[in-house]
Amino acid sequence: MIYHLHGRLTEKHPTHVVIDCGGVGYIIQISLTTFEAIPDQEDIFLHTYLVVREDAQILYGFATIEERKLFLLLIGVSGVGANTARMILSAMDSATASDVIASGDVDSMKKVKGIGAKTASRIIIDLQDKVGLGTDSTGTLSEISSPHNTIKKEALSALTSLGFDKKRVDKALDTIIQKSEGALTLEELIKKALKEL
């Protein structure tokens with residue numbers, strides 16, 4: 001089991017990063033919460049979890065131990081796979097997700113793409129006694145000074161790779177950009193789009 005990785009960040013995208021560890025490049029799937037928390041510097045440390053399937057071995061990375069713990073709890077729920085768990089942790093940070101589960105807030109859980117009433121209820125029933133109230137999340141949003149079209153392109157790529165329909169995402173992003181009064185960061189744009197979709 002690969003428990004964590006410490007190396008040089010060579011690529012950073014909203015859905016994955018590539019870390020060079022001793023000349024070997026590891027592609028690691030991440031949530032938007034981890035994307036926001038990763039500093040734009042070469043030296044990086046991520047907690048990891050390796051998902052082994054018949055057709056693939058996928059490495060998931062987390063900025064905090066708390067996020068990995070919640071990820072492991074989520075994939076232990078019947079009907080919740082690794083991608084669904086990542087979607088939950090992209091829509092809300094681990095502290096917020098823990099609060100949603102602990103308080104039995106089915107409506108907030110249902111707002112996550114791919115989570116219906118039945119799955120939301122199952123997550124809360126299974127995990128309510130396993131999560132406490134969340135702690136303060138760390139990691140600040142980094143401002144992106146690129147033009148809107150570059151940010152839009154990156155957001156579109158990130159959201160379509162998470163499973164959203166490209167046309168719907170494109171329309172939602174255009175609407176959000178038109179309504180925004182100032183420049184949006186990539187993280188803000190994606191978060192707003194997740195609420196629209």
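The values are calculated or read from the model by the stated rules, or taken from the named source; none is laboratory data. Since we're looking at a predicted model, the values are computed, not measured. Don't worry about glycine lacking a Cβ; one is built from the backbone with ideal geometry, like all the others, and counts go over all protein chains shown.
In the set (1) closer than 23 Å to D129 by Cα; (2) at pLDDT below 95, V51 fails one condition alone, (1).
For (1) of a type in the set (G, A, S); (2) in contact with a Phe, Trp or Tyr (Cβ under 9 Å, 6 or more places away or on another chain); (3) surrounded by fewer than 22 Cβ atoms within 10 Å (Cβ to Cβ); (4) not assigned by TED's automatic domain parsing to the domain that holds R122, each residue gets a yes or a no:
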{"residue": "T15", "(1), (2), (3), (4)": "no, yes, yes, yes"}
{"residue": "Q41", "(1), (2), (3), (4)": "no, no, yes, yes"}
{"residue": "L50", "(1), (2), (3), (4)": "no, yes, yes, yes"}
{"residue": "Q57", "(1), (2), (3), (4)": "no, no, yes, yes"}
{"residue": "L72", "(1), (2), (3), (4)": "no, yes, yes, no"}
{"residue": "T84", "(1), (2), (3), (4)": "no, no, yes, no"}
{"residue": "I101", "(1), (2), (3), (4)": "no, no, no, no"}
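This table checks each residue for (1) over 21 Å from A97 (Cα atoms); (2) polar (S, T, N, Q); (3) at pLDDT below 85; (4) loosely packed, with under 12 Cβ neighbours inside 10 Å.
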residue: T140; (1), (2), (3), (4): no, yes, yes, yes
residue: I151; (1), (2), (3), (4): yes, no, yes, no
residue: A155; (1), (2), (3), (4): yes, no, no, no
residue: L159; (1), (2), (3), (4): no, no, no, no
residue: D170; (1), (2), (3), (4): yes, no, no, no
residue: I177; (1), (2), (3), (4): yes, no, yes, no
